[in-house]
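Worksheet: the structure to be examined is printed underneath.
The values are calculated or read from the model by the stated rules, or taken from the named source; none is laboratory data. These numbers come from a predicted model, not from an experiment. Positions of Cβ are backbone-derived with ideal geometry, glycine not excepted, and every protein chain shown enters the neighbour counts.
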Amino acid sequence: MPKESSQRGPTADRLHRVVVIVDENSNPFELGCTTEVFGLRRPELGRELYDFRLCSPAPLTSMRDGFFTLTGVAGLEAADSADTLIVPNRPDVEVPRRPAVLDAVRRAHARGARLVGLCSGAFTLAEAGVLDGRRATAHWQWADAFRSRFPAVRLEPDVLFVDDGDILTAAGSSAALDLGLHLVRRDHGAEVANSVSRRLVFAAHRDGGQRQFVERPLPDLPDESLGPVLAWAQERLDAPLTVADLAARAAVSPATLHRRFRAQLGTTPLAWLRGERMALACRLIERGESRMDVVARRSGLGTAANLRLAMRRERGVSPSAYRRRFGPRVA
């Protein structure tokens, strides 16, 4: 059964430690994503978010297709101190992982560390035996191969990422950034995650349930961008917006609006509205608004009771618990 990691957030005496295992033929893109999200200094925030480390089972690690070699990182024993352990991924998914790597994953799971698999990293987690009976995703092109090898895993092949508590998996490529920002949001709140996303020049929030790949209009089609209607709605989240309102603003039918949301964002208008309202409610709480009825009204969630239900459903905590964790610190 899924469980919440006992070592998810920063502790009073040290930063939350994120360790990435790099193995033979690992993909450099996902390694770059983890470094960008978890490893960079954050002077704009006035504090560091994570203690970030790389480790490898070998002194010299040839990255994907031998383009370059990674040296000078810690040995595999560094994985034993990880609060979050990001497992290796690579394109040759049929080649078994080193037993030492799989043992490190099992030890981390047994002591309650949070595990993350990016792209084909889900194969590493499944090989280690920690995904049986659990939800996970992987890149769509490996969905059939994954199911045939690991039938006990509940694969969700058409989503960006899956958060199953203490084990999280992403579909690969840009979804690695989506999952990384999701973890920052889970650990440090929406405001900090938004700051990190701005530095990355990347979308602040794409829900994990969105599709891995979406249809794109051809260049010679008329402009059907959702940008203007999204910006218009974001300025009016406190109003009782409906799909019909959004469609009228975009000068299309509700059915056409649904098709465009599915094609361009991989979600529905109502799901997008719910996500935006929840993100605004979180930001208001983080900025110090303690009156839950005010938060609910300004975010368009209606009443404090609706806010409590929505926050428990979307964030897994009550508004008061969220405020204690991410609200302004009282001197």
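Could you please find all residues in region 102-147 being more than 21 Å from the chain's Cα centre (by Cα), closer than 18 Å to Val18 by Cβ and either basic (Lys, Arg) or surrounded by fewer than 24 Cβ atoms within 10 Å (Cβ to Cβ) (or both)? Result: Arg107, Arg111.
Kindly indicate whether Gly9 is outside the structural domain of Phe326 (by TED's automatic domain parsing), at pLDDT below 95 and over 23 Å from Arg135 (Cα atoms).
Judged against the criteria, Gly9 is not a match.
Okay, residues lined up against (1) in contact with a helix residue (DSSP H, G or I) (Cβ under 8 Å, 6 or more places away or on another chain); (2) not polar (S, T, N, Q):
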residue: Ala78; (1), (2): no, yes
residue: Ser81; (1), (2): no, no
residue: Pro99; (1), (2): no, yes
residue: His109; (1), (2): no, yes
residue: Ala113; (1), (2): no, yes
residue: Gly121; (1), (2): yes, yes
residue: Gly129; (1), (2): yes, yes
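Counting residues in region 238-249 that are charged (D, E, K, R), surrounded by 13 or more Cβ atoms within 10 Å (Cβ to Cβ) and assigned to a helix (DSSP H, G or I) gives one or more.
Just to be sure before I move on: is Arg313 assigned by TED's automatic domain parsing to the domain that holds Ala231, surrounded by fewer than 15 Cβ atoms within 10 Å (Cβ to Cβ), under 21 Å from the mean Cα position of the chain (by Cα) and without any contact (Cβ under 8 Å) to a residue 24 or more places away in the chain in the structure I sent? Answer is yes for this residue.
Residues that are within 14 Å of Ser120 (Cβ to Cβ) and either without any contact (Cβ under 8 Å) to a residue 40 or more places away in the chain or surrounded by fewer than 22 Cβ atoms within 10 Å (Cβ to Cβ) (or both) within region 148-174 comprise Arg149, Phe150, Val153, Leu155, Pro157, Ser173, listed in sequence order.
Output yes when any residue across region 47-62 is buried (at least 18 other Cβ atoms within 10 Å of the Cβ), of a type in the set (Gly, Ala, Ser) and either assigned to a loop (DSSP other than H, G, I, E, B) or not assigned by TED's automatic domain parsing to the domain that holds Val105 (or both), and no when none is. No, there is no match, as no residue in region 47-62 is buried (at least 18 other Cβ atoms within 10 Å of the Cβ), of a type in the set (Gly, Ala, Ser) and either assigned to a loop (DSSP other than H, G, I, E, B) or not assigned by TED's automatic domain parsing to the domain that holds Val105 (or both). The set of residues from region 285-299 being part of a helix (DSSP H, G or I) and either crowded, with 22+ Cβ neighbours inside 10 Å or in contact (Cβ under 8 Å) with a residue 60 or more places away in the chain (or both) comprises Ile285, Glu286, Met292, Val295, Ala296, Arg298.
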